[in-house]
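Written below as structure tokens is the structure these notes are about.
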Amino acid sequence: MARNILIIQGHPDPRGEHFGHALAQAYAGGAGAAGHNVHEVVVATLDFPWLQGAEDFEQGEAPPAIGEVQRAIMAADHVVFFYPLWLGDMPAILKAMLEQALRPGFVTGSEKGLGGFGGRLLKGRSARIVVTMGMPALFYRLFYCAHSVRSFRRNILSFCGFSPVRTTLIGLAGGNAQRRTRWLNCMRRLGARGV
């Protein structure tokens, strides 16, 4: 069954020359070839201010570029995030976009902030997090307990209602050409399956 898939490219470099961009393109290619509907948001090309305080977060209006992202999320059955691990976490621009987009009233039925009670308005959507990193992925999992990815999965996506949330960690920035080809093929397969 065809799914509506949203790819969110979280790399801060808008030029599209990094391995994470190639991974997203491979995923999109596999999904499109399998008949899924694919939409992409490139965070580095969005024009939006960063939040400056709780009042803006809880009561302010999302800027137009972020409103488009919100509409794309609402239209999606499955959302795939691609980003590099920077200083042990997602790049700041991706976090800033999420802070703008995932506001009270959009992600929960509560208008009193994310700590309030209310329905999880993004239920019914699944997600995948694809992270590239310079260190071996196994080292990140075992030594660092994949802390930032676990936090993103549990404290943001699952909290908003996404389920299931799967992760793909790609260490050593994909490795040599042969390993990179294997990862690209893996993304095409995942895209074709819409997972």
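The values are calculated or read from the model by the stated rules, or taken from the named source; none is laboratory data. Since we're looking at a predicted model, the values are computed, not measured. Cβ coordinates were reconstructed from backbone atoms using ideal geometry, including for glycine residues, and neighbour counts include every protein chain displayed.
Below is a table of values for the structure above.
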{"item": "Selection within segment 159-195 - more than 17 Å from LEU94 (Cβ to Cβ), in contact with a Lys or Arg (Cβ under 9 Å, 6 or more places away or on another chain) and among the hydroxyl-bearing types (Ser, Thr, Tyr)", "result": "SER163"}
{"item": "Close pairs from segment 122-149: first of a type in the set (A, V, I, L, M, F, W, C) and surrounded by 21 or more Cβ atoms within 10 Å (Cβ to Cβ), partner at pLDDT below 90 and part of a loop (DSSP other than H, G, I, E, B), Cβ under 8 Å, at least 6 apart", "result": "LEU122/VAL107"}
{"item": "Residue within segment 158-170 that is closer than 16 Å to HIS21 by Cα, hydroxyl-bearing (Ser, Thr, Tyr) and surrounded by 19 or more Cβ atoms within 10 Å (Cβ to Cβ) present", "result": "yes"}
{"item": "Among the candidates GLY30, GLY35, residue that is assigned to a helix (DSSP H, G or I) and of a type outside the set (Val, Ile, Thr)", "result": "GLY30"}
{"item": "Complete set of residues in segment 3-27 that are touching a residue at least 40 places away in the same chain (Cβ under 8 Å) and assigned to a loop (DSSP other than H, G, I, E, B)", "result": "ARG3, GLY10, HIS11, PRO12, HIS18"}
{"item": "Check on PHE117, surrounded by fewer than 16 Cβ atoms within 10 Å (Cβ to Cβ), among the hydrophobic types (A, V, I, L, M, F, W, C), modelled with pLDDT under 90 and over 30 Å from LEU172 (Cα atoms)", "result": "yes"}
{"item": "Qualifying residue in segment 179-190 (condition: out of contact with any strand residue (DSSP E or B) (no Cβ under 6 Å at 6 or more places or on another chain), modelled with pLDDT of 95 or more and closer than 17 Å to LEU6 by Cβ)", "result": "yes"}
{"item": "Which listed residue, of VAL79, VAL69, is under 25 Å from ALA173 (Cα atoms) and at pLDDT 95 or above", "result": "VAL79"}
{"item": "Those residues of segment 56-86 which are touching a helix residue (DSSP H, G or I) at 6+ places or on another chain (Cβ under 9 Å), aliphatic (A, V, I, L, M) and assigned to a helix (DSSP H, G or I), in sequence order", "result": "ALA65, ILE66, VAL69, ILE73"}
{"item": "Within segment 30-68, tally of residues that are surrounded by 16 or more Cβ atoms within 10 Å (Cβ to Cβ), over 30 Å from ARG182 (Cβ atoms) and of a type in the set (A, V, I, L, M, F, W, C)", "result": "6"}
{"item": "Within segment 28-58, considering residues that are polar (S, T, N, Q) and in contact (Cβ under 8 Å) with a residue 24 or more places away in the chain, the one nearest to ALA76 (Cα to Cα)", "result": "ASN37"}
